[in-house]
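Peer 1: Below is the structure I would like to discuss, written out as structure tokens.
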Amino acid sequence: MPFETSLILSFWGTGQGSLTRSKQMCLPMERVIENRELNLWFDPAADYHLYTIFWNHQHIVFYVDDVPIRVYKNNEARGIPFPKLQPMGVYSTLWEADDWATRGGLEKINWSRAPFYAYYKDFDIEGCPVPGPATCASNRGNWWEGATYQALNALEARKYRWVRMNHMIYDYCADKSRYPTTPPECAAGI
């Protein structure tokens, strides 16, 4: 059975207006590309925001309101897996994680406020139809494979540096206690 590829964008916090974090993970096939965590500069529950996962044959970029918060480059030439051969689906869930996600489990969910909802508006998905890879090869005819989308532009690169310098609170690439040997994708500059 082939391994599933997952791109995960998650949010957690202890309530409206509380310190809210985002975690981004990329799990291409059999290899887990660990997470990076951010303290968000806004309350995601206060208003709608534009969340985008841009995925082409060069990179995967997670955006919030057009600000890149995670970039995963295609480094297959260096032996690092990159998800490109599987059909993709989109899932959204709300789940209970108060044993670890709320200040390490110190704060519990107030179930008297249930039910809990997530709302979406202006949802859009573009891509190649299944069966996928054979009909969706890296093709400059697909707008997302065009020259403009091969790397972050200068403004996006500045925004991405700002996020990393001011809001990143955990980066597995810098976690020498868990990873004494630098993971290959970190050495390759993801």
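The values are calculated or read from the model by the stated rules, or taken from the named source; none is laboratory data. Keep in mind the model is a prediction, meaning the values are calculated, not measured. Here Cβ is always computed from backbone atoms with ideal geometry, including for glycine, and neighbour counts include all displayed protein chains. Calculation scope for accessible area: heavy atoms of the full protein, side chains included, ligands and nucleic acids excluded. Shrake-Rupley method; radii C 1.70, N 1.55, O 1.52, S 1.80 Å.
Peer 1: Which residues, taken from the range 98-122, are open to solvent by less than 80 Å² (accessible area, probe 1.4 Å), touching a Gly at 6+ places or on another chain (Cβ under 9 Å) and at pLDDT below 75?
Peer 2: Those that are open to solvent by less than 80 Å² (accessible area, probe 1.4 Å), touching a Gly at 6+ places or on another chain (Cβ under 9 Å) and at pLDDT below 75: 98, 101, 102, 107.
Peer 1: Here's a follow-up. Among what's in the range 18-66 and is open to solvent by 70 Å² or more (accessible area, probe 1.4 Å), at pLDDT 85 or above and within 13 Å of the chain's Cα centre (by Cα), pick the residue that is farthest from residue 81 (Cα to Cα).
Peer 2: Checked the range 18-66; the qualifying residue farthest from residue 81 (Cα to Cα) is 51.
Conditions (1) assigned to a loop (DSSP other than H, G, I, E, B); (2) modelled with pLDDT under 80, marked per residue:
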| site | (1), (2) |
| --- | --- |
| 144 | no, no |
| 148 | no, no |
| 152 | yes, no |
| 155 | no, no |
| 162 | no, no |
| 180 | yes, no |
| 186 | no, no |
| 189 | yes, yes |
